[in-house]
Number of protein chains: 8
Amino acid sequence: MRSTHDAFHVAVPTHDLDEAVRFYVFGLGAKLARRYDDRVTFDFFGDQLVCHLDPAAVAVEPVEYPRHFGVTFARAEDFDRLLQLVEHRKLRVLSGPATRFEGTAEQHRTVFLVDPSNNVLEFKQYDDPRLQY
Amino acid sequence: MRSTHDAFHVAVPTHDLDEAVRFYVFGLGAKLARRYDDRVTFDFFGDQLVCHLDPAAVAVEPVEYPRHFGVTFARAEDFDRLLQLVEHRKLRVLSGPATRFEGTAEQHRTVFLVDPSNNVLEFKQYDDPRLQY
Amino acid sequence: MRSTHDAFHVAVPTHDLDEAVRFYVFGLGAKLARRYDDRVTFDFFGDQLVCHLDPAAVAVEPVEYPRHFGVTFARAEDFDRLLQLVEHRKLRVLSGPATRFEGTAEQHRTVFLVDPSNNVLEFKQYDDPRLQY
Amino acid sequence: MRSTHDAFHVAVPTHDLDEAVRFYVFGLGAKLARRYDDRVTFDFFGDQLVCHLDPAAVAVEPVEYPRHFGVTFARAEDFDRLLQLVEHRKLRVLSGPATRFEGTAEQHRTVFLVDPSNNVLEFKQYDDPRLQY
Amino acid sequence: MRSTHDAFHVAVPTHDLDEAVRFYVFGLGAKLARRYDDRVTFDFFGDQLVCHLDPAAVAVEPVEYPRHFGVTFARAEDFDRLLQLVEHRKLRVLSGPATRFEGTAEQHRTVFLVDPSNNVLEFKQYDDPRLQY
Amino acid sequence: MRSTHDAFHVAVPTHDLDEAVRFYVFGLGAKLARRYDDRVTFDFFGDQLVCHLDPAAVAVEPVEYPRHFGVTFARAEDFDRLLQLVEHRKLRVLSGPATRFEGTAEQHRTVFLVDPSNNVLEFKQYDDPRLQY
Amino acid sequence: MRSTHDAFHVAVPTHDLDEAVRFYVFGLGAKLARRYDDRVTFDFFGDQLVCHLDPAAVAVEPVEYPRHFGVTFARAEDFDRLLQLVEHRKLRVLSGPATRFEGTAEQHRTVFLVDPSNNVLEFKQYDDPRLQY
Amino acid sequence: MRSTHDAFHVAVPTHDLDEAVRFYVFGLGAKLARRYDDRVTFDFFGDQLVCHLDPAAVAVEPVEYPRHFGVTFARAEDFDRLLQLVEHRKLRVLSGPATRFEGTAEQHRTVFLVDPSNNVLEFKQYDDPRLQY
């Protein structure tokens, strides 16, 4: 279990701040916290995401591994709601939804999305939330 | 504020799983959750960090921006404890500790570390925790 | 998510303090916290509502937009209970219950009530509580 | 004490959505949640604020009573941080900070702000948080 | 909602400390916290109950009103568990279980028990937990 | 530790419902929840207090033991605030504030108040909150 | 109810630190926190388990009573998940799963496991979680 | 961090149930939950301790390692309170209080007690609570 008061944060490059806002706020339902000339920050599922304007660092193609970030939901209904949001707002899916490690204790559902700057996001939900780490 | 039950997760490349364990568990005080042939997973300050064995994806040099991840502490004493841990265990500091956005509402302390595979970590603590997003 | 210890507060005009108590305490189930000659304060679903005695400021007719206040419930059963309370105690309904933004990610149920001084209240419940902001 | 999962919400008129975003997000540190042609919604200190585009309903002059909304902080340092934010970002103060009901059990500090559409906000902090209702 | 850290407490007379322990600990499942020559204290559903040895103050007959104390459960299953405990351990029931205020917003289930010193306990559970005050 | 969602409740007699409201709401800062012809209910520090109109059951003189009820505060400042409230609002003190069990592990501060119907209230605060049961 | 911030801890002997890690981390899903030459520490279901390298103190045969340790789950589904984990990972079961104290208020399910150093673990789940002490 | 609802439990032998109650309840401030002919159970700092009547299994001499159990406090004042309790009630100290791992990140205070059946208890408090596992 994690603290409610601290925040994880992750920073990724973007080729365009407006596109980042469009995807994260009006797409994924994150909240816009602060905006500067060279970056924009979000309240992303309760943690902080920063998109730095740095077109040179943007990946040419989205690749699932090794770099990605996202949220693991403790409850199945929250994963389902994420899938519904993806469908309603036609967010770009890289792969999935799929079940991984099937038939093992760490079985979980997963879906990979892509943001407009080819950053890869993964959302997961484990049958046994204790094994989500 | 974030949920205590869901977990953020971030995945990064590593050139060596044992080195990753040494740095994250015996250095930063994360906890080893699971280990496979091609990856190791950690309970990293209550969230999940995955190090994928992928030497080709490891950065040649650590660079602060745009890609990094870490924790923003709500309380000053938790940032101080992190600094003490860094000193006790002689973790590699990329820059800082320093104060950023000084004299503004979003003033905060920050320190950048590097893991053995040149992944960059940032720890922060804002004067006003409400602005940590 | 919000803090449990701070309180939102909203202040509205009333033409009669006794009527306000009758509606908010014996109608909506708020709790009377303090009463002065010119105002009465309530614990309204855990936040603070203040009714100031100011007949001149009372609206001639209740209008849904733009001014209203209320509670968004995270769980469907709490919205249902509010509807039952409205029915049991025959509180005045301005419109609804209805479903808004149907077929979108932000779909939610809503009902508008009116207090005896034509202040408008809205109660809501989103299919996806993450989108309640 | 209030629930962490439900949200209070309040809706007010604005003469300009961009101005509202500028004041609430880049001024008060609220977070932009959703934006439509006729309204913008915020995560305002953990609760929901909606600004409806409705210039005709905007008040000619800001008046402290009876209509206003805001947050009552349980801890003195959070009120102090709000005052610092107001100073750093030069937000418009209508009156205060001042101490009200001095020498009584319900003594509290208060400050009134104004948004660009003459909506009035009040922030408070009681010596005895139990009396904040 | 109430704080988790403070404790309500109630003190009642008993004609016999051992009998009090037998009823409250081995009957109702309270926990024995402290025992003195003239009193015994219990962790009673998370709050404090004190039984003072004072046979003269013990009521001749148990009467439901006006003096009694007990717990109001937020969830129906906790009330059901209490009823099962009463049955399993054959605790003395004064009246009920019954439904009170039927068909109104404050409808609730209730059961009255008696301790060996004729102190009356009431356990309740409201359809709408918000109205349990 | 106790649950936040359940509520303790205690019922006592009163000779006059208005007097009860005056003392508990405008004196002690409890909140009026419901009022009937024969009883009034309060949110009393997060738990439920019911005053039943039953003049015959009212005690002739207030006596500290064995019957009383009240709150044990986990933190010293909350006990201090209660004492300040008592002073500001000139509530009737039966005895104390005093320190009991001095020099032992269960040392605590205590004050006894009386309501207008001779019901006795005790507020306490232990040096070691773990021993408050 | 217990605090979230303190931790229970239990220390037991092991004949082999690697075996202990294999059983507790890769078997039971505990997390490796620290490792020294003579001991290894785990985050075991949120509490601390320490295995001291002390082959002489290891029991010759596992015996259920009197020495064992484990977790009592408040919810049935968490006990079921533990059973599933045991099956998936073929952990050694000493006895059970079984139901104890059947037909009484303290009825509960229980299963006994053995670690590689003959330390005995018991996991339980009570029909009435209030009686889990 | 651990769950508030589940409970750790540990079972140890005792040569005498009354002695166990005397030490754990009237000494250490645990609470007596249940008592049978062959065992007694306690709410021990929020977790469950069971003392099984099994004189043959009682250790001849108390030894600090490897078998012991206890609580690690997150806050220094709770460790201090435990030390005060030990002094007030003259509980038997096996060693300490002492500081271990001094000058390292995992520096902590520790004290070892002994119960009447030679079971060893350890209480600890880490400078950095994150390293308490």
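The values are calculated or read from the model by the stated rules, or taken from the named source; none is laboratory data. Please read all numbers here as calculations on a predicted model, not as lab measurements. Positions of Cβ are generated from backbone atoms using ideal geometry, with glycine treated the same way; all protein chains shown enter the neighbour counts.
Points worth noting:
- All positions within the range G:45-63 that are buried (at least 17 other Cβ atoms within 10 Å of the Cβ) and acidic (Asp, Glu): G:ASP47, G:ASP54
- Unmet requirement for H:GLU102, which otherwise passes all of (1) within 10 Å of another protein chain (Cβ to nearest Cβ); (2) acidic (Asp, Glu); (3) over 24 Å from G:ALA57 (Cα atoms): (1)
- Within the range D:11-78, strands (runs of 3 or more DSSP E) holding 2 or more residues that are within 14 Å of the chain's Cα centre (by Cα) and assigned by TED's automatic domain parsing to the domain that holds D:ARG109: D:68-73
- Scanning the range C:58-92 for residues that are β-branched (Val, Ile, Thr) and either out of contact with any strand residue (DSSP E or B) (no Cβ under 6 Å at 6 or more places or on another chain) or without any contact (Cβ under 8 Å) to a residue 24 or more places away in the chain (or both) returns C:VAL60, C:VAL63, C:VAL86.
- Considering only residues in the range F:1-34 that are among the aliphatic types (A, V, I, L, M) and out of contact with any strand residue (DSSP E or B) (no Cβ under 7 Å at 6 or more places or on another chain), the one that is farthest from the other protein chains (Cβ to nearest Cβ) turns out to be F:LEU28.
- Considering the conditions (1) in a strand (DSSP E or B); (2) under 28 Å from C:PHE101 (Cβ atoms), D:SER95 is excluded by exactly one of them, (2).
- The lone criterion from (1) under 26 Å from E:PHE23 (Cβ atoms); (2) surrounded by fewer than 17 Cβ atoms within 10 Å (Cβ to Cβ) left unmet by H:LEU17 is number (2).
- Residue within the range D:119-130 that is of a type in the set (Val, Ile, Thr) and more than 14 Å from chain C (Cβ to nearest Cβ) present: no
- Residue list for the range B:75-90, filter: charged (D, E, K, R) and under 20 Å from A:ALA7 (Cα atoms): B:ARG75, B:GLU77, B:ASP78, B:ASP80, B:ARG81
- Test: A:ASP37 is touching a residue at least 12 places away in the same chain (Cβ under 8 Å), more than 8 Å from every other protein chain (Cβ to nearest Cβ) and not aromatic (Phe, Trp, Tyr): yes
- Once the range G:64-87 is narrowed to residues that are exposed (fewer than 15 other Cβ atoms within 10 Å of the Cβ) and over 30 Å from E:LEU82 (Cα atoms), the residue that is farthest from the other protein chains (Cβ to nearest Cβ) is G:GLU87.
- Selection status of A:LEU82, under 24 Å from A:TYR133 (Cα atoms), part of a helix (DSSP H, G or I) and assigned by TED's automatic domain parsing to the domain that holds A:ASP127: yes
- Residue check for B:PHE45: on the phi > 0 side of the Ramachandran plot and aromatic (Phe, Trp, Tyr): yes
- For the range F:88-110, taking the residues that are surrounded by 18 or more Cβ atoms within 10 Å (Cβ to Cβ) and charged (D, E, K, R), the one that is nearest to F:PHE26 (Cα to Cα) is identified as F:ARG109.
- Test: residue in the range A:61-74 that is over 24 Å from C:THR104 (Cβ atoms) and among the aliphatic types (A, V, I, L, M): yes
- Only one of the numbered conditions (1) within 22 Å of F:LEU17 (Cα to Cα); (2) over 13 Å from the mean Cα position of the chain (by Cα) is not met by F:ARG100, and that is (1).
- Filter result for H:LEU113 (away from chain G (no Cβ under 11 Å) and either over 30 Å from E:THR41 (Cα atoms) or assigned to a strand (DSSP E or B) (or both)): yes
- Test: G:GLU122 is in contact (Cβ under 8 Å) with a residue 12 or more places away in the chain, out of contact with any helix residue (DSSP H, G or I) (no Cβ under 8 Å at 6 or more places or on another chain) and surrounded by fewer than 23 Cβ atoms within 10 Å (Cβ to Cβ): yes
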